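The values are calculated or read from the model by the stated rules, or taken from the named source; none is laboratory data. Treat the numbers as computed from the prediction; the structure is a model and nothing was measured. No Cβ is skipped: glycine too gets one built from the backbone with ideal geometry, and neighbour counts run over all protein chains shown.
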Amino acid sequence: MRKLFVKTHNVKRFIGLMNNLIDKSNEVPKMGLVYGDPGLGKTQTAVWWATKNEAVYVRAQNKMTNKWLLEKIVYELGESPSRKMADLIEQCISHLRLKPQVIIIDEVDYLINRMKIVETLRDLHDLTGAPVVLIGMQESKTKLGKYRHLYDRISEILEFKPFSKEDVEVIVEELSEIKISDEAREIFFEKKNRFRQIIKGIALLENLAKTNGLLKIDTKQVKGLTIEK
Ligand SMILES: Nc1ncnc2c1ncn2[C@@H]1O[C@H](COP(=O)(O)OP(=O)(O)OP(=O)(O)O)[C@@H](O)[C@H]1O
Ligand SMILES: [Mg+2]
């Protein structure tokens, strides 16, 4: 399997959302929300984009406190975190005012029920003008909708969608190290529309080709396999 980053439709739409946020004038709030089912590439896309664009990427964790989140952000900004909560916020603000960077918070579902943290995210956005992008599960849009003061600041929303046939074709073509015929691909990957499923499928076919000394996978081999749902 090749280790490549594939530009799926979701990735292209993510790039579009980021460009829209960055291009907004100062008066318009610059919070974004990206959400969707598991395994569609939200995290991978965010990390890829953050690396290319010098953004701050922080993954929220279970039981994360306000202080813990700010410490992680400060650390990602390249500074050593202060001990006190008030100083931590100050550190973020002064750093971001001097050098604006996009802040991406992944797995935001861990933070949604914590009022204090939601307020901190809003403060970070309001006091620095830095775009703040939240990434979460399918339900996060509804859950965040309950926090009007935060939700009103979200000016760009993107749902990661299950892959189209064309997406699957590009992913298999780019990642598979063996040839798979068009018909075999359509049959075998018909019900697989998430990255983890597709990657497992490619690995299975690569293995099948290796153990049988085949250079190409055809319909014949695929039909012989029990297709996982
Ligand atoms: N654009 C991509 N190109 C190649 N591989 C990818 C890409 N996006 C995701 N993957 C692969 O798919 C796996 C799942 O993707 P990822 O963890 O980003 O999904 P997710 O939407 O964040 O899922 P979750 O909701 O469970 O957090 C990754 O570990 C990676 O191997
Ligand atoms: Mg993820």
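Among the residues of the range 136-179, the ones that are assigned to a loop (DSSP other than H, G, I, E, B) and closer than 30 Å to LYS210 by Cβ come to 6 in all.
Here LYS191 clears all of (1) surrounded by fewer than 17 Cβ atoms within 10 Å (Cβ to Cβ); (2) within 27 Å of the chain's Cα centre (by Cα); (3) in a helix (DSSP H, G or I) except the condition numbered (3). Selection of the range 197-229 for residues being among the charged types (D, E, K, R), part of a helix (DSSP H, G or I) and at pLDDT 90 or above yields LYS200, GLU206, LYS210.
Restricting attention to the range 1-40 and to residues that are modelled with pLDDT of 95 or more and among the small types (Gly, Ala, Ser), the residue that is nearest to ligand 2 (Cβ to nearest atom) turns out to be GLY36.
Can ASP152 be described as under 30 Å from LYS67 (Cβ atoms) and either within 14 Å of ligand 1 (Cβ to nearest atom) or modelled with pLDDT under 95 (or both)? Answer is yes for this residue. With the requirement that a residue be farther than 21 Å from LEU150 by Cβ and of a type outside the set (Gly, Ala, Ser), what does the range 15-35 give you? Result: ILE15, ASN19, ASP23.
None of LEU40, LEU4 is in a loop (DSSP other than H, G, I, E, B) and not assigned by TED's automatic domain parsing to the domain that holds ARG148 except LEU4.
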